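For reference, the structure is listed below as structure tokens.
The values are calculated or read from the model by the stated rules, or taken from the named source; none is laboratory data. Computed from a predicted model, the values in this text were never measured in an experiment. Positions of Cβ are backbone-derived with ideal geometry, glycine not excepted, and every protein chain shown enters the neighbour counts.
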Amino acid sequence: MKCPYCAKINNKVIDSRLGKDGRMIRRRRECLECHRRFTTYEKLEEILPMVVKKDGRREPFNRDKIVSGIRKACQKRPISMTKIEEFVDSLEVYFQELGKKEIDSPDVGERVINKLKEWDEVAYVRFASVYRQFKDINEFMTELEDILKSKREKENQ
């Protein structure tokens, strides 16, 4: 492992700990050259399915792309990065356990949009406006009216 400070590869592991979910190992290291400490994470390389896009293209499942989209939707909202990371972890596990070689992008998008609807209405609408590609303000208003209607129904129960 290359030291991030001096770029030398001579270092030793000081401490190793299993991650919360048991799927990752956190290692604390010390560089034997500059004596600074840094942390590395080891994770089993997992084979994730290919994602079939709406236009038929195929691309590898990209965790970072999902996190980025959710983060943008949740910007300035009370949703923690930990919550986002845990959700995307569970999404990854779900699609791995399906055992399929390919999954459709709407399957991923619908899982994300449903989670955002559960977490925060504003984040949900932000994500939905991009994901569902609203063509005009009327489509946007219809989505908002549906949210308000379901909110009223919940309050009346």
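Data table
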| read-out | value |
| --- | --- |
| Search result, residues across segment 44-77 that are in contact with a Phe, Trp or Tyr (Cβ under 9 Å, 6 or more places away or on another chain) and part of a loop (DSSP other than H, G, I, E, B) | 48, 49, 61, 74, 77 |
| Residues within segment 41-95 that are surrounded by 14 or more Cβ atoms within 10 Å (Cβ to Cβ), without any contact (Cβ under 8 Å) to a residue 40 or more places away in the chain and not charged (D, E, K, R), tallied | 5 |
| Yes/no for residue 18 being aliphatic (A, V, I, L, M), out of contact with any helix residue (DSSP H, G or I) (no Cβ under 6 Å at 6 or more places or on another chain), outside the structural domain of residue 137 (by TED's automatic domain parsing) and more than 30 Å from residue 150 (Cα to Cα) | yes |
| Selection from segment 17-32 of residues that are more than 23 Å from residue 93 (Cβ to Cβ) and either exposed (fewer than 12 other Cβ atoms within 10 Å of the Cβ) or within 28 Å of the chain's Cα centre (by Cα) (or both) | 28, 29 |
| Pair list, Cβ under 9 Å, 6 or more apart: segment 122-149 residue over 20 Å from residue 69 (Cβ atoms), other residue at pLDDT below 80 | 142/134 |
| Helices (runs of 4 or more DSSP H) within segment 80-146 that include 3 or more residues over 23 Å from residue 54 (Cα atoms) and modelled with pLDDT of 90 or more | 81-98 |
